[in-house]
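Report on the following structure.
Computed from the coordinates by the stated procedures, all read-outs in this text should not be read as laboratory data. Just so you know, these numbers come straight off a predicted model, no measurement behind them. A quick note on method: Cβ atoms are made from the backbone with ideal geometry, for glycine too, and the neighbour counts reach across all protein chains shown.
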């Protein structure tokens, strides 16, 4: 993939007009965007349709984590809307992931539409080892938990996982190069980290072997979003 094809811009706003403006501004160079909880819960699936009409491929980031039957229903709904990529949380378990992926395939076949990429969330990039050990209650190092979750996601038939770019080499070693990695926590070297902990620059993420990187504020908060996007693409070359 070309560098620009690896970037997914996070539209983290509850305002659909702003989200659509951002998409239009970056569309000359970037065609993939993420709709997270803030925007999806505010606007609903209509925002997916509006972004798709602009030629965007939409990653819906809702981190489905529920009993298998509920996950099946969510998977069918997202697939019907032509979502390019969506995710479940690996902590929901093997059966939940398997059933969600099967439900997506069922709807894809019924409607004769492209099968979405289905991925699993491992550990949030805001999770430090102390948080994971002391508050979540999972012992050991973060990377070991991430790899264990990645292997479970692969066993369930998912296409890849969400993790920090720092863990990509370990995931690829355990699950194979074709197993996709989608990495948030991407920051330019001179920017604030905000609530992220396990972060990298776009260039570092490329060097570590990630497939897709989710970039938000470094583009969406810029005074010239298109130029910010172009600068990031150039830094990856």
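Data overview
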item: Search result, residues across region 124-150 that are assigned to a loop (DSSP other than H, G, I, E, B) and in contact with a strand residue (DSSP E or B) (Cβ under 9 Å, 6 or more places away or on another chain); result: 124, 125
item: Residues of region 24-59 classified as over 17 Å from the mean Cα position of the chain (by Cα) and under 14 Å from residue 230 (Cα atoms), total; result: 5
item: Residue match in region 195-203 (condition: in contact with a helix residue (DSSP H, G or I) (Cβ under 7 Å, 6 or more places away or on another chain), over 23 Å from residue 94 (Cα atoms), touching a residue at least 40 places away in the same chain (Cβ under 8 Å) and crowded, with 18+ Cβ neighbours inside 10 Å); result: yes
item: Every residue from region 161-172 that is in contact with a helix residue (DSSP H, G or I) (Cβ under 8 Å, 6 or more places away or on another chain) and more than 15 Å from residue 123 (Cβ to Cβ); result: 169
item: Residues being over 16 Å from residue 213 (Cα atoms) and either touching a strand residue (DSSP E or B) at 6+ places or on another chain (Cβ under 7 Å) or surrounded by 16 or more Cβ atoms within 10 Å (Cβ to Cβ) (or both) - total across region 171-184; result: 1
item: Flag for residue 85 being touching a residue at least 60 places away in the same chain (Cβ under 8 Å), under 24 Å from residue 5 (Cβ atoms) and under 20 Å from the mean Cα position of the chain (by Cα); result: yes
item: Matching residues in region 64-79 - criterion: being over 24 Å from residue 26 (Cβ atoms) and out of contact with any helix residue (DSSP H, G or I) (no Cβ under 6 Å at 6 or more places or on another chain); result: 66, 67, 69, 70, 73, 74, 77
item: Among the residues listed as 129, 155, 123, the single one being crowded, with 20+ Cβ neighbours inside 10 Å, touching a residue at least 12 places away in the same chain (Cβ under 8 Å), more than 27 Å from residue 52 (Cβ to Cβ) and touching a helix residue (DSSP H, G or I) at 6+ places or on another chain (Cβ under 7 Å); result: 123
